[in-house]
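None of the figures in this text is laboratory data; all of them are computed from the coordinates on show. The structure displayed is predicted, hence computed values, not measured ones. Ideal geometry is used to build each Cβ from the backbone, glycine not excepted, and the neighbour counts take in all protein chains shown.
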Amino acid sequence: MRRMRTPLIVLVLVYFFSTLAMVTVPGVDAAGVPYRMTFLDAAYFMAILQSTIGFGEIPYSFTPAQRMLVYALLLPNVVAWLYSIGTLLGLFLDKQFQAAFHRSRFSRQVRWLKEPFFIVCGFGNTGSMIVSGLLARGIRAVVIERDENTVRLMSLESQHARVPALAGRARDRHMLELAGLQRENCRGVIASTNDDHSNLTIAITVKLLRPELIVLARSENQRVSDNMASFGTDSVIDPYRIFAQRFSLALSSPIKYLVQDWLICVPGSELREVVKPPTGCWIVCGNGRFGTRMTEQLQASGLPYTVVDVHADRLIDHELTVLGRGTQAHTLKEAGVISAVGIIAATGDDVDNLSIVMTAKQLNPDLFVIARQERRQNEELFDASGADLVARRSLIVARRILSIVTTPLLQAFLQHLIRSDDEFAEHTATRLKAVLNDRAPNIWVLALEGDIADNVRFALARSRNVQLEHISHSSSEDYQPLPCVCLSLERGAQRLFLPGPETELQANDRLLFAGRDNARKQMLWTLRDSHSLLGNVTGKQLPRGALWRWLSDRK
């Protein structure tokens, strides 16, 4: 409005004085009688004159004096009109005005959110996966992304078109507050940018302003990760460390790795078969952030390895090393690729990693191959390369964050799985295999609270107990088991893993299930309908009407 002040003043003054001049100069009507234009006629004529529409002389033909006046007023009115319109268009095209407009619209969209939401900082490969996962689970999201083009492209995607998004620096406190940091329905902040320092700044800002909120931050630098953990960041996700730990698990217990992989896979994807990395000499090409974590796990497992890298300073701490590029056949031969059992393509360039994989497979087709993938658009190339395991950092981070946000009980079960013996993992795999039909399961948490808890109490008041099998079977007459497995039951501070069908349920219990989505829907139907739940508990279909139920109870 400040920029429009002068053009508006000029336009109003020129219009006012022009109208006043038209009223002052006399004219004649059709009968030749002198008259003066009314203010309405004068204002109307000046409006069509300024806009160059030109409807003609009104209400009567002008006298020579009036035409001379119009001739004198023509230039200043047209100039004033064009000046005002040009300034207005220039304002709309101004980047600062557009930024202010988008910021105002973004703030309004955030205010309209009534459901719980997460603030997602960064909408790259990782951020887009996280937002898609949140939306698929019925959780709203607000996005802050530094790149304006990425924000514009979001509006063209049907899935993300209604997600409030703003271009700006997420580490700026004002941007976080604009995104709803201080709102009561904000559940937490997810820092998923590619810059570790930005993620650290976001985590510190949130913990200072809203310490009770959940903060999930991505970090690939150990120093930054330690810094985040020191002031109470709820979860620090290092994708390369997570992958290295899973690789170590595959070396020590393939069955545990298999069950873990089934439970964190994208629902509906094909189940992976058992992965058994061989024991023997390994080759690590590239000793950066990813390569360092892989060599740590190889060393902890007691496996020999040779490091190949073009930077001599990265080879100092290792016993067997080769200075050079792993993309060259002679370098791999010098590293012992012919007698090695596995190779890890760990450079930061996807093309180099693909070249390493292809060259190594030509020299030794029996190699177990692990490849690092950086760019999401190269996913099909890595799938076609024949690599046994691919470290996709965006996917690793997104999976971990979504599991923490949507199914927190799953992390406790996976930790118990790792600490337990292989017998527990084999038992879990057998039960999952029986219901999954070779497709990765949906994971959901069932809380016996609210109306569901009331229905459980209703059934308990009319029977001895409510058992797990009563809700894991269909409520139809055939009483068939649902395609799902209860992984854990949480009751206060107590946790029970893989509870049996005879396990008794109580109000406020929380259960973790893995299975098909139709099993979840049928289970919720049974729990939300007291008649169906009571029918499963008693083993017979009971009348729904109050009168008939009273007569049945009397009988």
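Key figures for this structure:
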{"item": "Which listed pairs, of 207/276; 256/333; 114/207; 114/256; 276/521; 256/361, have C-alpha distances above 32 Å, in listed order", "result": "207/276; 256/333; 114/256; 276/521"}
{"item": "Whether region 241-405 is rounded, prolate or oblate, judged on the alpha carbon gyration tensor where a/c under 1.5 counts as rounded", "result": "prolate"}
{"item": "Within-9-Å neighbourhood charge of residue 468 [Cβ basis; K, R +1; D, E -1]", "result": "-3"}
{"item": "Alpha carbon centroid spacing (whole Å) that separates region 432-466 from region 515-529", "result": "8"}
{"item": "Cα shape, region 455-520, gyration tensor, a/c 1.5 rule", "result": "oblate"}
{"item": "Residue 89 paired with residue 423, simple spin-label distance in nm, labels 7 Å along Cα-to-beta-carbon", "result": "8.2"}
{"item": "Anisotropy class of region 106-237 from Cα gyration tensor, a/c 1.5 cut", "result": "prolate"}
{"item": "Order of 275, 266 - criterion: other Cβ atoms within 10 Å of each residue's Cβ, fewest first", "result": "266, 275"}
{"item": "Crossing angle, helix 451-461 versus the chain [Cα axis fit, 0-90 degrees, rounded to tens]", "result": "40"}
{"item": "Nonlocal amide H pairs with residue 283, under 5 Å, H built at 1.01 Å", "result": "306, 342, 343, 344"}
{"item": "Cα-based helix-to-principal-axis angle, 517-528 vs the chain, degrees rounded to 10", "result": "80"}
{"item": "Degrees, to the nearest 10: 196-209 long Cα axis against longest axis of the chain", "result": "80"}
{"item": "Theoretical gain in end-to-end length, residue 208 to residue 270 [0.36 nm per residue, Cα-Cα removed]", "result": "18.0 nm"}
